[in-house]
Amino acid sequence: MYEVWYVSCHGFGHITRCIAQIERKLESDKSYNCIIICEENQIDFVKLYLKEFLDRIILREALTDIGLINKINSLEVDKKKLESKLKIFIKSWDSLLKKEIEFLKNYEIGDIYCDISPIGVIVSKKLNKKINLITNFTWYQQYKHLKLDNYIIKKYLELDKMIDNLYIYPLNLDFSYINPKIIKMGFICRKIDNKKIQNIKEKYGKSIFISCGKSAQLEKIVVKNFKGTIFTTSGVDVENKDGIVIELPVDILDTQNYIGASELVIAKAGWGTVAECICNKKRMILLERKGVLEDTHIINELKKISNTKSIKIEKLKCLDYLDIK
């Protein structure tokens, strides 16, 4: 029997938090098998990260989500382009559903989990399975906040009202508009390797981690007055005036260890990155993103319970370490 995971293909935060859970299940239960459905880039990542378990995993490439679309060289949402893409995507749900049902009929299916992929919700409904959503927010909440076309908001609200079991991560948005069974989750991230963290510290010394997510593309970031190493991820062009920059490869499997080796993390306030910082007990400076409800909520909640700070994205053009250390 196969447990099925439909994972949003918006960036890599959704897939990394899902495989953190899947990895634990694979290690603790030798009879556990699963099917993971997402787009090509995320599936390629899973192939590498869970390579020792591939005999018990079926991987399927499929469009599972649209998420958000940013303006060029920006983290600001391009509402016009997003609405256009979403309308096309919604119209494709019936055909995508047929393809998924045709694929899944070849397997004995157990529970289905959705990390906010609408396709997973409609597949669960069609197969008369409990709809298990595992998340800290939904696209209905985000699209309503952005004031997108009512047609889009209505379609995504219909999905949320179908949810049977809602597995909620910490720092979640308000779900009082629906009435599923609530199961509270804790912070989770990929395995932290303390030996690897120590090796990174010994090799690179004092360091900062800067990331805007693998789905982001920004103009150049300049940091001054930091005589150390800056680790960056793809999509971020960083200049360190007084130290060095190490750009981590696109296919790196353990950014959580580089976060663990750094004294400070400057990042987009996505849940996955924040969870890796919290699990590593790292100080965060998070980027304020206009119009992104999830990020704004996470920043506000973290400021209440920690020394987390936030900055406007424009400050990245010339960031003085002495102002943020």
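The values are calculated or read from the model by the stated rules, or taken from the named source; none is laboratory data. Computed from a predicted structure; not experimentally measured. We place every Cβ from the backbone using ideal geometry, glycine too, and count neighbours over all the protein chains shown. With ligands, DNA and RNA removed, areas are computed over all heavy atoms of the protein, side chains included. Shrake-Rupley method; radii C 1.70, N 1.55, O 1.52, S 1.80 Å.
Selection of segment 301-325 for residues being open to solvent by less than 80 Å² (accessible area, probe 1.4 Å) and either in a helix (DSSP H, G or I) or at pLDDT below 85 (or both) yields GLU301, LEU302, ILE313, LEU316, TYR321, ILE324.
Yes/no per residue for (1) crowded, with 17+ Cβ neighbours inside 10 Å; (2) under 22 Å from the mean Cα position of the chain (by Cα); (3) among the charged types (D, E, K, R); (4) closer than 17 Å to ILE324 by Cα:
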residue	(1), (2), (3), (4)
THR229	yes, no, no, yes
VAL236	yes, yes, no, no
ASP242	no, no, yes, yes
LEU248	no, yes, no, no
ILE252	no, yes, no, no
TYR258	yes, yes, no, no
ALA261	yes, yes, no, no
ILE266	yes, yes, no, yes
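Every listed requirement among (1) within 26 Å of ALA269 (Cα to Cα); (2) in a helix (DSSP H, G or I) is met by TYR6 save one, (2). Taking LYS30, is it over 22 Å from the mean Cα position of the chain (by Cα) and either closer than 22 Å to ASP251 by Cα or open to solvent by 30 Å² or more (accessible area, probe 1.4 Å) (or both)? Yes; evaluated as a whole, the condition is true for this residue. Just one residue in the set PHE226, PHE187, PHE209 is closer than 25 Å to ASN70 by Cα, in contact (Cβ under 8 Å) with a residue 12 or more places away in the chain and of a type in the set (Phe, Trp, Tyr); that residue is PHE209. Please work out which residue is modelled with the highest pLDDT, limiting yourself to segment 172-198 and to residues that are open to solvent by 80 Å² or more (accessible area, probe 1.4 Å) and touching an Asp or Glu at 6+ places or on another chain (Cβ under 9 Å). Looking at residues that are open to solvent by 80 Å² or more (accessible area, probe 1.4 Å) and touching an Asp or Glu at 6+ places or on another chain (Cβ under 9 Å), I get LYS181.
For segment 269-283, a tally of residues being surrounded by fewer than 24 Cβ atoms within 10 Å (Cβ to Cβ), at negative phi and among the charged types (D, E, K, R) returns 2. So, SER262, is that one under 30 Å from ASP174 (Cβ atoms), touching a Lys or Arg at 6+ places or on another chain (Cβ under 9 Å) and among the polar types (S, T, N, Q) or not? No.
Confirm whether PHE209 is in contact with a helix residue (DSSP H, G or I) (Cβ under 6 Å, 6 or more places away or on another chain) and surrounded by fewer than 23 Cβ atoms within 10 Å (Cβ to Cβ). It is false that PHE209 is in contact with a helix residue (DSSP H, G or I) (Cβ under 6 Å, 6 or more places away or on another chain) and surrounded by fewer than 23 Cβ atoms within 10 Å (Cβ to Cβ). Note on segment 151-165: residues that are in a helix (DSSP H, G or I), in contact with a Pro (Cβ under 7 Å, 6 or more places away or on another chain) and open to solvent by 30 Å² or more (accessible area, probe 1.4 Å) total 0. Restricting the search to helices (runs of 4 or more DSSP H) fully inside segment 36-116 and requiring at least 1 residues that are under 18 Å from GLY11 (Cα atoms) and open to solvent by less than 40 Å² (accessible area, probe 1.4 Å) gives 40-49, 79-91.
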